[in-house]
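Novice: The structure follows.
The values are calculated or read from the model by the stated rules, or taken from the named source; none is laboratory data. Being a predicted model, the structure only gives us computed values, none of them experimental. Neighbour counts run over all protein chains shown; Cβ positions are idealised from the backbone, glycine included. The accessibility values were calculated without ligands, DNA or RNA, using every heavy atom of the protein model including side chains. Shrake-Rupley method; radii C 1.70, N 1.55, O 1.52, S 1.80 Å.
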Amino acid sequence: MMSMAGVLSDLPARCRALLDHSTTLLVEAGAGSGKTALMAGRVALLLAAGIPTREIVAITFTEAAASELRERIEGFVNRLARADLPDELLSHCPTGFLPSSPRR
Ligand SMILES: Nc1ncnc2c1ncn2[C@@H]1O[C@H](COP(=O)(O)OP(=O)(O)OP(=O)(O)O)[C@@H](O)[C@H]1O
Ligand SMILES: [Mg+2]
């Protein structure tokens, strides 16, 4: 995978995986490519869009991975609440992002 400091060739797909909350998506990507960051960001943006927590489930394979995912979601949520947009999310969508509209 190319350096994250450069322009990511899969940027449109990353942006969609982060922001397209109306579709079922399968993301396949290599080790260390940002899968967990993307999943945590997607959950944080769902919450920012007003989706109730009872409607969101994030599943992973081990207790350690679940703890990491929880911490990263919490980190993103805390930063979004302060309007401090994380680079890890902004770099997916360089034109910025707004929380998608609540579904109802
Ligand atoms: N968009 C991004 N821009 C810059 N750094 C990023 C970005 N996404 C993730 N990173 C950083 O890259 C590293 C790997 O990210 P992450 O853990 O999300 O990848 P992963 O695909 O889940 O890795 P693994 O295969 O080990 O589970 C982390 O240090 C993370 O902070
Ligand atoms: Mg991971």
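Novice: Would you check if there is a residue in region 33-41 being within 19 Å of LEU11 (Cα to Cα), buried (at least 19 other Cβ atoms within 10 Å of the Cβ) and away from ligand 2 (no atom under 12 Å from the Cβ)?
Specialist: Yes, region 33-41 has at least one match.
Novice: Something else now. Within the set of pairs 6 or more residues apart or between chains, which connect a residue that is modelled with pLDDT of 90 or more inside region 20-49 to a residue that is open to solvent by 60 Å² or more (accessible area, probe 1.4 Å) and within 13 Å of ligand 1 (Cβ to nearest atom) with Cβ atoms less than 6 Å apart?
Specialist: Between residues of region 20-49 that are modelled with pLDDT of 90 or more and residues that are open to solvent by 60 Å² or more (accessible area, probe 1.4 Å) and within 13 Å of ligand 1 (Cβ to nearest atom), the close pairs are ALA29/LYS35; GLY30/MET1; SER33/MET1; ALA37/GLU88; ALA40/ARG72.
A quick yes/no check of all residues on (1) within 9 Å of ligand 1 (Cβ to nearest atom); (2) farther than 14 Å from HIS92 by Cα; (3) not β-branched (Val, Ile, Thr):
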residue: SER9; (1), (2), (3): no, no, yes
residue: HIS21; (1), (2), (3): no, yes, yes
residue: THR36; (1), (2), (3): yes, no, no
residue: MET39; (1), (2), (3): yes, no, yes
residue: ALA49; (1), (2), (3): no, yes, yes
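Novice: Could you look through region 55-69, keep only residues that are under 19 Å from THR24 (Cβ atoms) and open to solvent by 60 Å² or more (accessible area, probe 1.4 Å), and pick out the one that is nearest to ligand 2 (Cβ to nearest atom)?
Specialist: Checking each candidate, the answer is ILE59.
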